[in-house]
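In what follows, a single structure is set out as structure tokens and then discussed.
The values are calculated or read from the model by the stated rules, or taken from the named source; none is laboratory data. Treat the numbers as computed from the prediction; the structure is a model and nothing was measured. Here Cβ is always computed from backbone atoms with ideal geometry, including for glycine, and neighbour counts include all displayed protein chains. Only protein heavy atoms, including side chains, enter the accessible area calculation; ligands, DNA and RNA are left aside. Shrake-Rupley method; radii C 1.70, N 1.55, O 1.52, S 1.80 Å.
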Amino acid sequence: MGADVSNNETLFARAQRSTPGGVNSPVRAFRSVGGTPRFITHAEGPWFWDADGKRYIDYIGSWGPAIVGHAHPEVISAVQQAAARGLSFGAPTEGEILMAEEICKLVPSIEQVRLVSSGTEAAMSALRLARGATGRDLVIKFEGCYHGHADSMLVKAGSGLLTFGNPTSSGVPEDFTKHTMVLDFNNSEQLEEVFKNLGDKIAAVIVEPVAGNMNLLPATPEFLRTMRQLCSQKGALLLFDEVMSGFRVALGGAQSLYGIEPDMTVLGKVIGGGLPVAAFGGRADLMKHLAPLGPVYQAGTLSGNPVAVAAGMTTLKIIQRPGFYESLTAQTTKLVEGLSKAAGEAGVSFCAHAVGGMFGIYFAAQVPVDYAQMMACDKERFNAFFHAMLDQGVYFAPSAFEAGFVSSAHDDATIDATVSAARLAFSKL
């Protein structure tokens, strides 16, 4: 390769020889936005640095977990101390108990919880438990909501009401998705019609109360209230997938903001503090169906890993300090208001929205309320904006359909620098 080739380009070319697409998770490949992925060498606070030594203000935060900023000294210290005692035991530890107790304390709808290693694993296990506890097979999900890459959840909606899911990934047999129905997000009337016709067959409804995988798209209070009422009436279970929103939008998650109590909750990201920890939990009468108490099997060699739990527990303690969420919400609001103002000054059709420490940016006249409106946003203009910001050292998600994340380390100077960069980027669109 020539001397002008960057270290990022060299690493990407090398990675593609040993790893499919050169990455271990698809969005990292920059296929949606074009260009070369940045290979990160280290991170601190609100920044990370790539293989060429360039510093970026980071708004993905490891896709949510870095709520207290990268490499927080207290988290690092806890991990170092835990690692010195041993990396994994395959046997119970007190740390697992402490984390379970903390989650149950902070999320009142959770009476018991089981720790796992990824959000996909947690959602998959929660759905298996829902089917086992109800004796029913049908699961309702909503277009644009992502619940991990378990086979039965990799489905898309068809064109009309009561359309059952078809696989959206090669390698997933239709038989695996025939018990999954996909409905329109934020459409209460459609949900009511489905429950009217099929209510006694529905095991569970699973939803992201604040969706983060079709950009940021919160559910409406009416939509969630309708969901809760219908599930209660028909004996179905309501599952909140709060892998992203849990401890991100509020201390008690999105359910505390909406005042709606699900039967089960799926958690991840923040509870690991940057290491692989996820969980699913709910009422004790449901959780008792899990092995070794009940017939629903779930297991994991690295579940409750002591090093990962140490990172997560330290993070959970930090976010409970006075004023943490007030400050996080204020900084996220300052960011989206600053970006919107900068776009308006440049005459660019743009809007932004925030919930707690999550935010979305949309090249559209108004904030989308469902998947179809989100897909109608100007993707090409987003791509141009993404690269203009990247050039100036601001790293947003490399996709028009991913939420962004602010940490407690994003101070006024960091937000101001981001908005200043955006003014220049908008002026070039």
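Work from the charge dipole of the stretch 304-416 (Cβ charges, +1 for Lys and Arg, -1 for Asp and Glu, about the Cα centre) and give the residue of Phe350, Phe396, Tyr325 farthest towards its positive end. About the Cα centre, the residue reaching furthest to the positive side is Tyr325. Max-minus-min Cα coordinates of the stretch 225-340 on each principal axis give 52, 40, 24 Å, with the largest extent listed first.
Accessible area per residue for the chain in Å², computed with a 1.4 Å probe and the full protein assembly in place, what is it?
Working: 17950 Å² over 429 residues.
Dividing the accessible area of the chain by its residue count gives 42 Å².
Extension gain, Glu94 to Ser349: 0.36 nm times the residue separation minus the Cα-Cα distance gives 86.5 nm.
What's the extension gain from Asp391 to Lys105 if we count 0.36 nm per residue and subtract their Cα-Cα distance?
Details: separation 286, 0.36 × 286 = 102.96 nm, distance 4.38 nm.
Gain on extension, Asp391 to Lys105, equals 98.6 nm.
Looking at the chain, send over the antiparallel percent of its DSSP beta bridges, to the nearest 5. Spell out each step's value before the answer.
Details: 29 of 49 bridges.
Expressed as a percentage, antiparallel bridges in the chain total about 60.
Straight Cα distances below 25 angstrom link Lys201 to the lysines Lys141, Lys156, Lys178, Lys234, Lys288, with same-chain residues fewer than 8 positions distant left out.
Using unit Cβ charges (K, R positive; D, E negative) and no other charged atoms, how large, in debye to the nearest 20, is the dipole of the chain about its Cα centre?
That gives the chain a dipole magnitude of about 440 debye.
For the chain, the alpha-carbon radius of gyration amounts to 0.97 times the rule-of-thumb value 2.2 N^0.38 Å expected for a compact globular protein. Under the convention that each Lys and Arg Cβ holds +1 and each Asp and Glu Cβ holds -1, the size of the dipole of the stretch 15-80 around its Cα centre is about 340 debye. Mean silhouette area of the stretch 259-320, derived from the convex hull of its C-alpha atoms and averaged over all directions, reads 5.3 nm². Averaging the Cα positions of each part gives two centres, and for the stretch 248-317 and the stretch 84-119 these lie 7 Å apart.
Only lysines eight or more places from Lys428 in sequence, or on another chain, were considered; those with a Cα closer than 25 Å are Lys54, Lys334, Lys341, Lys379. Only protein atoms count toward the accessible area here, which uses a 1.4 Å probe; on the stretch 330-429, the carbon and sulfur part of that area reaches 51 percent. What separates the Cα centres of the stretch 400-421 and the stretch 1-43 is a distance of 24 Å.
Only Cα pairs under 8 Å and at least 6 apart count here; give the relative contact order of the stretch 290-429 as a rounded whole percent.
On the way: 143 pairs, mean separation 34.0, N = 140.
Answer for the stretch 290-429 is 24 percent.
A simple charge model with +1 on the Cβ of Lys and Arg, -1 on the Cβ of Asp and Glu and nothing else charged puts the dipole of the stretch 193-305 at about 80 debye relative to its Cα centre.
Roughly what percent of Cα-Cα pairs across the stretch 279-423 reach past 21 Å? Working shown, then result.
Working: 5977 of 10440 pairs.
That fraction is 57 percent.
Positive contributions from Lys and Arg (+1) and negative ones from Asp and Glu (-1), summed over other residues with Cβ under 13 Å from the Cβ of Leu316, come out at +2.
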